[in-house]
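The values are calculated or read from the model by the stated rules, or taken from the named source; none is laboratory data. Keep in mind that this is a model prediction, so the values were computed, not measured. Every residue, glycine among them, receives a Cβ derived from its backbone with ideal geometry; neighbour counts consider all protein chains shown.
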Amino acid sequence: QVQLVESGGGWVQPGGSLTLSCAASGSIFSAYAMGWYRQGPGKQRELVAGITSTGSTNYADSVKGRFTISRDNAKSTVYLQMNSLKPEDTAVYYCNNRLINKWDWGQGTQVTVSS
């Protein structure tokens, strides 16, 4: 079973930037498409960005042009660069694979955008 550890969250003012990291244990990471998900207060968890094993990316409309997902297979790590942050981006951010059968969720990392 792969273990996921997210980090890099924090508090930031609107318009600010953060970079999230997700480290995955195990050597199978590189074979999987990965995604960053978020769950805002009172909301369901949603996919915000995805990246295939070969680096193709896709984004939710709400973050397109502001967020960038990337991965380093040698480090078994996936990143989410977040720019021009908005209060509605406030959420706990998680990473996981893109399959129906998800790995166990990590603890996530809290992102709070407010003035």
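Here are the numbers for this structure:
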read-out: Subset of the stretch 75-90 [on the phi < 0 side of the Ramachandran plot and crowded, with 16+ Cβ neighbours inside 10 Å]; value: T77, V78, Y79, L80, M82, L85, D89, T90
read-out: Any hit, the stretch 54-76, residues being out of contact with any His (no Cβ under 6 Å at 6 or more places or on another chain), aliphatic (A, V, I, L, M) and touching a residue at least 40 places away in the same chain (Cβ under 8 Å); value: no
read-out: Meets criteria (surrounded by fewer than 20 Cβ atoms within 10 Å (Cβ to Cβ), part of a strand (DSSP E or B) and either touching a strand residue (DSSP E or B) at 6+ places or on another chain (Cβ under 8 Å) or not aromatic (F, W, Y) (or both)) for A49; value: no
read-out: Subset tally (residues that are outside any strand (DSSP E or B) and surrounded by 13 or more Cβ atoms within 10 Å (Cβ to Cβ)) for the stretch 52-61; value: 3
read-out: The stretch 1-46, residues that are at pLDDT below 95, loosely packed, with under 15 Cβ neighbours inside 10 Å and either in a strand (DSSP E or B) or of a type in the set (A, V, I, L, M, F, W, C) (or both); value: I28, A31
